[in-house]
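One structure below.
The values are calculated or read from the model by the stated rules, or taken from the named source; none is laboratory data. Computed from a prediction, not measured in an experiment: that's the story for all the values here. Note that we place each Cβ from the backbone using ideal geometry, even for glycine, and neighbour counts take in every protein chain shown.
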């Protein structure tokens with residue numbers, strides 16, 4: 001016999017048989033009930049209100065959780081409630097899974113919050129003379145865990161913590177089987193993690209509330225490794241020279257990150273003890289340099305990495321001052337020169353779930369390209385150089401206040417700068433606009449020559465574009481154009497067959513589509529098919545910090561990505577040379 005369960009708050013009726021678990025039936029009906037503790041009845045996040053029907057007596061744990069949450073006596077945990085008859089219930093909003101957006105530019109992708117790190121406010125029984133059980137066994141018993149890994153440093157502090165808090169503590173678990181902290185009192189509202197975009201040129205650290213999924217604050221700095229090399233190739237070359245150089249590169253990035261983390265925590269009055277995990281998304285070389293792992297094998301054929309995926313380790317092993325047991329996770333690399341930043345981008349854009357033909361292009365120092373067609377994933381990389389980030393350009397600069405990020409012609413040249421400050425230089429998007437304008441005006445030929453041999457084209461009194469600058473942007477554009485062309489030709493995909501082209505990279509937010517197509521950086525397709533997703537590396541890191549299922553899916557997915565080395569393609573050299581001319585006319589894509 002099936003009983004009816006009316007859910008008034010959702011205007012829905014579901015069916016259940018006698019003895020079935022209410023939580024299971026709610027989930028089966030498509031309702032996102034929060035089972036934060038995986039139905040162990042310790043989190044108090046799946047309470048439902050019984051309006052009509054059987055109301056079982058409260059047990060000790062439910063009574064404690066009801067008092068903590070200040071709920072009425074008619075509330076019960078859905079994960080413990082066995083159906084015995086017809087029911088009329090309410091499901092409070094707090095008992096439903098929260099969702100957050102992991103990308104706000106270009107696309108909006110919802111993400112269900114289910115982090116590896118979870119906090120539980122619990123009350124443990126005090127040992128008695130006739131029951132002198134150990135504190136550790138009581139902790140395991142509460143979480144219904146025969147095996148619960150508890151670090152020795154927590155065991156040392158456990159007696160004092162329990163005594164001072166009268167056995168009411170907050171336990172922090174990682175992946176439901178490892179204790180990261182046991183804190184006095186109720187600290188469940190103070191749970192944070194860090195997402196890091198480990199860029200070659202810039203670093204971004206984002207402070208995330210693990211309870212709500214919301215971004216609390218963001219810090220951005222130049223990567224101080226720039227003094228050792230502007231791009232990945234030069235940095236690998238520097239590290240290759242002596243073992244000390246590898247240590248210098250690691251020390252530089254860790255000092256960078258430590259200062260940024262301290263700044264963002266002080267600014268938001270968050271204790272380092274309440275940071276329980278940090279997720280890094282970077283290219284393969286940056287991931288190696290972060291960990292101080294030699295990059296020698298990336299410097300010589302067959303250009304292989306030391307690792308693609310690593311298990312979680314402690315942030316303390318890197319010397320980062322967070323919670324003593326805080327975890328660190330490096331987003332897995334796909335192959336040697338397609339790294340964790342691209343794995344993160346695939347996750348952030350939901351590429352795996354999209355039907356049709358889709359391109360994902362990350363426009364940074366390296367131009368990484370992923371083609372998703374049918375159920376196949378293929379990836380490649382091409383050395384674009386740092387021109388898109390305003391580097392190696394005479395008047396170039398990063399996207400900082402004073403940088404020309406947009407240029408347009410309305411009877412006269414109009415320049416837009418970041419922060420509306422006096423022009424100090426040109427960043428990547430501004431450079432693309434200016435090259436496109438000068439192509440239209442005939443000041444630069446399609447072959448990239450400045451007309452008239454008059455030397456640099458003056459932009460302002462102190463800012464100009466030289467012939468060498470034009471050459472730098474030519475090489476960068478040709479590299480990306482060649483990569484897109486060859487990877488699509490391998491799968492017989494023409495530009496009209498593309499359903500979407502996702503453009504990732506910090507400067508994508510300000511990229512003028514018309515001008516990018518004018519110089520040949522993007523295929524000449526319907527502008528509505530081009531989607532700018534901003535910093536997808538950071539967005540992906542945030543998603544993998546907030547969602548256990550997303551992390552597991554990403555790790556499974558990247559094993560299926562087929563990597564192609566363009567250097568081995570006999571067509572590469574000719575295609576690259578053909579692509580040096582500005583514009584799309586030389587591409588058969």
Self-check item: Residue tally, condition loosely packed, with under 13 Cβ neighbours inside 10 Å and either at pLDDT 90 or above or closer than 20 Å to residue 116 by Cβ (or both), over segment 299-314
Solution: 1
Practice problem: Run residue 466 past the list (1) surrounded by 15 or more Cβ atoms within 10 Å (Cβ to Cβ); (2) in contact with a helix residue (DSSP H, G or I) (Cβ under 9 Å, 6 or more places away or on another chain) and report the number of the one that doesn't hold. | Solution: (2)
Quiz prompt | Test: residue 465 is in contact (Cβ under 8 Å) with a residue 60 or more places away in the chain and touching a strand residue (DSSP E or B) at 6+ places or on another chain (Cβ under 6 Å) | solution = yes
Quiz item: Looking only at residues in segment 451-461 that are surrounded by 10 or more Cβ atoms within 10 Å (Cβ to Cβ) and over 41 Å from the mean Cα position of the chain (by Cα), which one is modelled with the lowest pLDDT?
Solution: 455
Quiz prompt | Residue among 205, 172 that is more than 30 Å from residue 67 (Cβ to Cβ) and either in contact with a strand residue (DSSP E or B) (Cβ under 8 Å, 6 or more places away or on another chain) or not in a loop (DSSP other than H, G, I, E, B) (or both) | solution = 205
Quiz prompt | Enumeration of residues in segment 215-236 that are touching a helix residue (DSSP H, G or I) at 6+ places or on another chain (Cβ under 7 Å) and either free of Cβ contacts under 8 Å to residues at least 40 places away in the same chain or in a helix (DSSP H, G or I) (or both) | solution = 221, 223, 224, 225, 228, 229, 232, 235, 236
Self-check item: All positions within segment 132-165 that are assigned to a loop (DSSP other than H, G, I, E, B) and surrounded by 14 or more Cβ atoms within 10 Å (Cβ to Cβ)
Solution: 143, 145, 148, 150, 151, 165
Exercise. Quick one: which residue in 212, 200 is in a loop (DSSP other than H, G, I, E, B) and either at pLDDT 95 or above or buried (at least 22 other Cβ atoms within 10 Å of the Cβ) (or both)?
Key: 200
Quiz item: Counting only residues that are in a loop (DSSP other than H, G, I, E, B) and over 13 Å from residue 178 (Cβ atoms), how many does segment 309-323 have?
Solution: 6
Quiz item: When only residues in segment 437-449 that are more than 21 Å from residue 414 (Cα to Cα) and touching a residue at least 12 places away in the same chain (Cβ under 8 Å) count, which is surrounded by the fewest Cβ atoms within 10 Å (Cβ to Cβ)?
Solution: 447
Exercise. Say whether the condition of being assigned by TED's automatic domain parsing to the domain that holds residue 361 and surrounded by fewer than 20 Cβ atoms within 10 Å (Cβ to Cβ) is met by at least one residue in segment 425-436.
Key: no
Quiz prompt | Residue ID - surrounded by the most Cβ atoms within 10 Å (Cβ to Cβ), chosen from residues in segment 112-131 that are touching a residue at least 40 places away in the same chain (Cβ under 8 Å) and over 30 Å from residue 102 (Cβ atoms) | solution = 122
